[in-house]
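The values are calculated or read from the model by the stated rules, or taken from the named source; none is laboratory data. All values derive from a computational prediction rather than experimental measurement. Cβ sites come from the backbone with ideal geometry, for glycine too, and all protein chains shown count toward neighbours. Note: accessible area is taken over every heavy atom of the protein model, side chains too, but ligands, DNA and RNA are not part of it. Shrake-Rupley method; radii C 1.70, N 1.55, O 1.52, S 1.80 Å.
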Amino acid sequence: MPFELKHVFASLPQMERGVAKVIGGDPKGNNFLYTNGKCVVIRNIEDHSQFVNCIRFSPDGSRLVTAGADGQIFVYDGTTGERVSSLGGEKAHKGGIYALSWSPDSSQLISASGDKTVKLWDVGAGTAVTTFNMGSDVSDQQLGCLWQNNHLLSISLSGYINYLDKNNPDRPIRTIKGHTKSIQCLTVHKGDGRSYIYSGSHDGHINILTYVISLTPASHYWDAETGENDSFSGKGHSNQVSKMQVDEANDLVTCSMDDTLRYTSLSKKEYSASDVVKMDSQPKSVSVSGGFTLAVCIGQLVLLKDKKKVFTLDNLGYEAEVGVIHPGGTTAAVGGNDGKVHLYSIQGNTLKDEGKTLENKGSITDMAYSSDGAYLAVIDDKKVATAYSVADGYSVKNEFYGHHAKPVSLAWSPDNEHFATGGMDMMVYIWTVGDADTRIKLPDAHRLHHVSSLAWIDAHTLVTTSHDATVKQWTIKY
């Protein structure tokens, strides 16, 4: 049999004896499969000049529509399969059509196209009732659509979901934004009575999420009840956002694989070309405290103040992986692949190596000071978490074991008594500083990929993210 079905482009959930239903289409050309309830039939559509991307029966089964890469939509009799008409004359769209969806009463349908428009059609008249213009950028191409009860939705190439407005076709009622690539980092910042969650992904995109307890939708933002959110306007990082923190000036400080640090005002929510610091080598980590920013880059440490470099330390003798500044702003701790935490004092605008190191079991993957500065927690690639008591000269307070694979992220609870770690084993542990045997385990926190970052909203609410491009919120009960 020469026919080969590789992908299913359309399917219907129910079968009715004697009524034709589409099973699937051939991605190479114009063949599609349908069944009349007794047998499967291979049918060839010769009307399209290019690939058929979508086939949909009307809800009442009376009509079948096809859409192709040639920008055409054809209507067929649902029983005989004979062509009835075409929509929009010679071409329904100026670009390829990727999706179709019928109205519940089978009288209208919507189509999504690469020409960055969605069209609402009167099938009987064969004409477009409304054209929704979704933008001019490449990412505004429309790849999917859905007519669900009274709601018209489309999906952009950017991954955004648009709620279309028949009365205002150039402005969606609502747009649900989010990450389409793996999320690398996140942080939480409180302001205006809300907790704002910022997350950065592999493609340089930064998303803003707002956590509110009330059921009232927070305009332009995501919350736990409505899923609304926003992102910064303008041009931001061009590559992976690796780390982020919020400084005392309410700027989101981010470092990226595009070899830059960015300071973005949280009040303006707009990228600024003047607040970009070009680094000599790729930054891996960023930490802020006491008016300083510490950037750990490949082969060097960089201290910044007032968004400018004030000190650079080269020839470290080890490869630095992550760095944090003590809340007091007087000490910088830098973890290396040599399994040591190196302590530096901040004197004026310089870093001075104090010659003191903290021995760990393996290469340091992440670390953080508690907000009160009493403890430094460190995780390494030997699956060990270690808490050091700062006041006692960085003596070991406790060691914690539990991860089955390398832990890569760490965050302190606001209560300064617990900290969370996430690892390549897709698990999250919440540890108690004073008791290594008291712990809370969240198995398979992200089933599709490892936990890449964590942050606390409050002492009982933890946020995690992953390379699965999701952000999850957890309620922790001790």
Of 94/166; 278/382; 308/383; 340/406; 352/383; 181/278, pairs whose Cα-Cα distance is over 27 Å: 278/382; 308/383; 352/383
Two-site label geometry, residue 306 and residue 318: point separation in nm, points 7 Å out along Cα→Cβ: 3.3
Bins of 20 Å, starting at 0 and running to the largest distance - Cα pair percent for the chain: 22, 41, 26, 10, 0
Å² of accessible area per residue within the range 333-380, as computed with a 1.4 Å probe and no ligands counted: 36
Karplus 3J(HN,Hα) series, Hz, for the range 421-427 with 6.51 cos²θ - 1.76 cosθ + 1.60 (x for Gly, Pro): 10, x, x, 5, 7, 6, 10
Average accessible surface area per residue within the range 403-478, 1.4 Å rolling probe, Å²: 41
Additional length obtainable on full extension of the chain from residue 163 to residue 437, 0.36 nm per residue less Cα span: 93.7 nm
Solvent-accessible area, 1.4 Å probe, carbon plus sulfur percent, for the chain: 47
Residue 347 paired with residue 194, simple spin-label distance in nm, labels 7 Å along Cα-to-beta-carbon: 4.6
Per residue solvent-accessible surface (Å²) - the range 48-176, probe of 1.4 Å: 45
Label zone at residue 106, where the point sits 7 Å out along the Cα-to-Cβ direction: the range 53-78 residues whose backbone N lies under 18 Å: 55-66, 74-78
Surrounding net charge for residue 394, when Lys and Arg each add one and Asp and Glu each subtract one, Cβ distance under 11 Å: -1
Residue-span extension gain [residue 269 to residue 399] - 0.36 nm each, minus C-alpha spacing: 42.7 nm
